[in-house]
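Each remark here refers to the structure printed beneath this line.
The values are calculated or read from the model by the stated rules, or taken from the named source; none is laboratory data. These figures come from a predicted structure and were not determined experimentally. Here the Cβ positions follow ideal geometry from the backbone for every residue, glycine too, while neighbour counts run over all protein chains shown. Please note that ligands, DNA and RNA were not included when accessible areas were found on the heavy atoms of the full protein model with its side chains. Shrake-Rupley method; radii C 1.70, N 1.55, O 1.52, S 1.80 Å.
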Amino acid sequence: MSIKRARLIYNPTSGREEIKRRLPDILQRLERGGIETSCHATISEGDATVAAAEAADRGFDMIIAAGGDGTLYEVINGLAEKDVRPPLGILPLGTTNDFARALGIPKHWEYACDLIIQQYATPIDLGRANKRYFINIAGGGSLTELTYEVPSKLKTMIGQLAYYMKGLEKMTRLRPTELRIQAAEIGEIHEEIMMFLICNSNSVGGFEKLAPDASLSDGLFDVVVLKKCNLGEFIRLASLALRGEHLNDPHVVHFQTREMTVTTPDYVQLNLDGEYGGTLPCTFTVLPSHLHIFVDEAGNSTYK
């Protein structure tokens, strides 16, 4: 059995700091599976991006991102512009793991390690937002800001509940934003909106049916736009979205596109994979089959 070299990039504060407790066991399991693994613990914002870029330059056979969607976002931003991009393994040990959920990567570290050891990688699309990259979701509007407004210490203490608390706080301040969207092969949309979501997968913010037909390998974004509505209508639409029954509602615009530009006269922040991604205006572009991710070859594994 040939030995492969991996660089494990992990956020020590992710998921109530589970990674720090599990690290010796993770390294031992990977070693027994023929993967010689060295580690990099992140120490500040953007550190995982630098570490991933350095790992690619140093010729590692694979990179492993251990943490939540925020850690994964930083890692793919370190890889996206490299000419040679090593395949990526994911250990979903964060507070939110939407992308791992979409790919059926188990949240239990033992099974996630076993997928990496099997070394079956599938190509997936990446999204580019101006000069940044995202792997799962991009969005704008007041509610999309809540993920990067939740303090990391609060996430460490109470996990997913921190997001629900912040969401309830922001609901009372929902307001529409004037937006102009120019999408390839779709044309122009000019509306007052509550939020827009550009989905690469079907799993967004814990909603597994928000973009039910989204595919990670079709070269297209699935775009969901929520038009101006009141709080009662918003709550009704959220309940429909849990069942995947929201796309035909008159308050919702849904389409697929490979590229779109969004402009606004207002100040609108962008959310990229749950992290702050700058402000509008922005051009979003699909990069087809840009990364390879380790998954279950048989397609039987699930996040749960």
task = For region 239-279, state which GluC sites (Glu not before Pro) are in a DSSP loop and have at most 14 other beta carbons lying within 10 Å of their beta carbon.
result = E245
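State the volume of the convex hull built on the alpha-carbon positions of the chain, expressed per residue in Å³ and rounded to an integer.
Working: hull volume 36.5 nm³, N = 304.
So the per-residue hull volume is 120 Å³.
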message = Could you compute the net charge surrounding R5? Neighbours are other residues with a C-beta less than 12 Å from the C-beta of R5; K and R count +1, D and E count -1.
response = 0
request  = Would you work out what percent of the accessible area of the chain, with all protein chains in place, is carbon or sulfur (probe 1.4 Å)?
outcome  = 49 percent
ask   = So, by mean Cβ neighbours within 10 angstrom, what's the order for 6-16, 189-199, 87-97, 112-122 with the highest one leading?
value = 87-97, 6-16, 189-199, 112-122
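Heavy-atom accessible area per residue, region 31-98, 1.4 Å probe: how many Å²? Please list the in-between numbers first.
Values: 2580 Å² over 68 residues.
That works out to 38 Å² per residue.
Please identify the trypsin sites (Lys or Arg not before Pro) of region 184-292 that satisfy two criteria: DSSP loop assignment and at most 10 other Cβ atoms within 10 Å. Which are they?
For trypsin sites (Lys or Arg not before Pro) across region 184-292 that sit outside H, G, I, E and B with at most 10 neighbouring Cβ atoms in 10 Å, the list reads R243.
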task = Find, among the trypsin sites (Lys or Arg not before Pro) in region 25-90, those assigned to loop by DSSP (not H, G, I, E, B) with at most 11 other beta-carbon atoms within 10 angstrom.
result = R58
message = Nearest 5 percent is fine: what portion of the DSSP beta bridges confined to the chain is antiparallel?
response = 75 percent
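Summarise the long-distance tail of P(r) for region 192-264 by giving the % of C-alpha pairs beyond 21 Å. It would help to have the intermediate numbers written out before the result.
Values: 586 of 2628 pairs.
In whole percent, the share of Cα-Cα pairs in region 192-264 beyond 21 Å is 22.
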